[in-house]
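Asker: Let me give you the structure first, and then I'll get to my questions.
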Amino acid sequence: MADLSVKMAGVTFKNPIIPASGSFGFGREYEHLYPLSSLGGISVKGMTLHQRDGNPPPRIAETPAGMLNSVGLQNPGIDYFLEHELPNLATKGTIIIANVAGSTVEDCIEIASKIEGTAVDMIELNISCPNVKEGGVAFGTRPQMAGDVTKAVRDVTTKPLMVKLSPNVTDIAEIARAVEANGADAVSLINTLLGMKIDINSRRPVLKNNVGGLSGPAVFPIAVRMVWQVANAVSIPVCGMGGVSRYEDVIEMMLAGASTVQIGAALFTNPTAPIEIINGLTNWLDERGIKNISDIIGGVKPW
Ligand code: FUM
């Protein structure tokens with residue numbers, strides 16, 4: 001059987017499949033469906049310094065081939081995670097990625113410092129949440145700011161540091177280069193694309209926040225394009241995401257240059273998608289006699 005293991009930023013994943021931050025909580029809602037040890041890793045919900053209730057509802061809306069969310073980083077805060085969720089996750093035999101979504105650079109430093117010395121395997125610094133007024137995408141749309149927050153976290157952590165990028169920019173490769181220059185070990189992309197849906201009868205936006213982040217199959221070709229652009233712009237590895245719902249999407253994303261792939265919106269309609277994808281990958285590779293999945297990374301042949 002083909003070897004699905006991949007190495008990214010010095011971390012070995014048993015396979016490249018990682019439920020994306022915000023779509024898998026801390027794993028508890030899924031562990032009765034399949035062993036979490038089947039997964040390459042888990043990126044937990046974005047965590048702030050203190051507990052947050054998020055934005056007022058409605059904050060989820062269905063769209064053609066996708067969904068909008070304006071959750072607003074609802075989470076229990078880093079201390080709760082470390083005390084109540086990490087001990088459970090640490091028994092699951094998978095790579096734990098802590099998504100850090102501080103409102104300020106100082107918050108990001110404090111959260112990363114708290115994670116140092118814990119069972120977390122990797123930090124995913126979230127500079128791309130479109131649904132909050134402070135932090136989030138405000139960090140991720142200017143190269144200087146993206147570089148500064150990356151450096152600030154780099155200075156306080158020895159954990160592998162992955163930075164999650166926003167697609168809501170003109171040149172995502174420029175942001176990727178800025179975070180690489182400031183100590184990122186990997187980049188993950190894409191977070192959601194800013195979108196809007198209006199109820200034509202009430203003339204009100206469907207989301208109470210007016211706008212939200214679009215994810216799901218509708219964004220997949222944009223994600224592939226950006227992964228390809230970034231993979232060609234930096235030397236650090238890329239974790240691809242955005243609308244992945246089938247094993248074929250994972251192969252496409254890896255050919256574009258992704259070392260690992262996160263699954264997000266697909267989990268809301270098909271909670272077992274990661275397992276189906278892992279099985280599909282094995283069959284696809286075996287049918288073609290490809291022994292190691294890492295051999296396909298960056299294998300696209302551009303015209
Ligand atoms: O609103 C949210 O909680 C989304 C977070 C993100 O996209 O990073």
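The values are calculated or read from the model by the stated rules, or taken from the named source; none is laboratory data. Note that this is a predicted model, so its numbers are computed, not measured. All Cβ positions, even for glycine, are placed from backbone atoms using ideal geometry, and neighbour counts span all protein chains on display. Surface accessibility is based on the protein's heavy atoms, side chains included, excluding ligands, DNA and RNA. Shrake-Rupley method; radii C 1.70, N 1.55, O 1.52, S 1.80 Å.
Asker: Could you please let me know if Thr91 is without any contact (Cβ under 8 Å) to a residue 60 or more places away in the chain, among the β-branched types (Val, Ile, Thr) and open to solvent by 50 Å² or more (accessible area, probe 1.4 Å)?
Answerer: Answer is yes for this residue.
Asker: So the check is Cβ under 7 Å with 6+ separation or different chains; which pairs have a first residue in region 121-144 that's at positive phi and a second one that's near the ligand (Cβ under 8 Å from one of its atoms) and part of a loop (DSSP other than H, G, I, E, B)?
Answerer: Gly135/Ala101; Gly136/Ala101; Gly136/Ser128; Gly136/Cys129; Gly136/Pro130
Asker: Only one of these is open to solvent by 40 Å² or more (accessible area, probe 1.4 Å) and away from the ligand (no atom under 16 Å from the Cβ): Leu4, Leu39, Leu33. Name it.
Answerer: Working: Leu4 fails: open to solvent by 40 Å² or more (accessible area, probe 1.4 Å); Leu39 fails: open to solvent by 40 Å² or more (accessible area, probe 1.4 Å).
Among Leu4, Leu39, Leu33, only Leu33 is open to solvent by 40 Å² or more (accessible area, probe 1.4 Å) and away from the ligand (no atom under 16 Å from the Cβ).
Asker: Separate question: Among the helices (runs of 4 or more DSSP H) confined wholly to region 243-303, which include 2 or more residues that are in contact (Cβ under 8 Å) with a residue 40 or more places away in the chain, within 24 Å of Val44 (Cα to Cα) and of a type in the set (Lys, Arg)? Working first, answer last.
Answerer: Working: elements: 247-256, 266-269, 273-288.
Answer list for region 243-303: none.
Asker: State whether the residues of region 12-25 include one that is open to solvent by 10 Å² or more (accessible area, probe 1.4 Å), more than 13 Å from the ligand (Cβ to nearest atom) and under 19 Å from the mean Cα position of the chain (by Cα).
Answerer: Within region 12-25, one or more residues are open to solvent by 10 Å² or more (accessible area, probe 1.4 Å), more than 13 Å from the ligand (Cβ to nearest atom) and under 19 Å from the mean Cα position of the chain (by Cα).
Asker: For Asn99, state whether it is within 12 Å of the ligand (Cβ to nearest atom), closer than 15 Å to Asp121 by Cβ and touching a residue at least 12 places away in the same chain (Cβ under 8 Å). Give the steps one after another, and end with the answer.
Answerer: Working: within 12 Å of the ligand (Cβ to nearest atom): yes; closer than 15 Å to Asp121 by Cβ: yes; touching a residue at least 12 places away in the same chain (Cβ under 8 Å): yes.
Criteria met by Asn99.
Asker: For region 49-71: of the residues being of a type outside the set (A, V, I, L, M, F, W, C) and either under 16 Å from the mean Cα position of the chain (by Cα) or within 9 Å of the ligand (Cβ to nearest atom) (or both), which is surrounded by the fewest Cβ atoms within 10 Å (Cβ to Cβ)?
Answerer: If we filter region 49-71 for residues that are of a type outside the set (A, V, I, L, M, F, W, C), which is where we start, we get 50-59, 62-64, 66, 69-70.
Subset that is either under 16 Å from the mean Cα position of the chain (by Cα) or within 9 Å of the ligand (Cβ to nearest atom) (or both): 52, 54-55, 59, 69-70.
Numbers: Arg52: 19, Gly54: 16, Asn55: 19, Arg59: 19, Asn69: 25, Ser70: 26.
Here the residue is Gly54.
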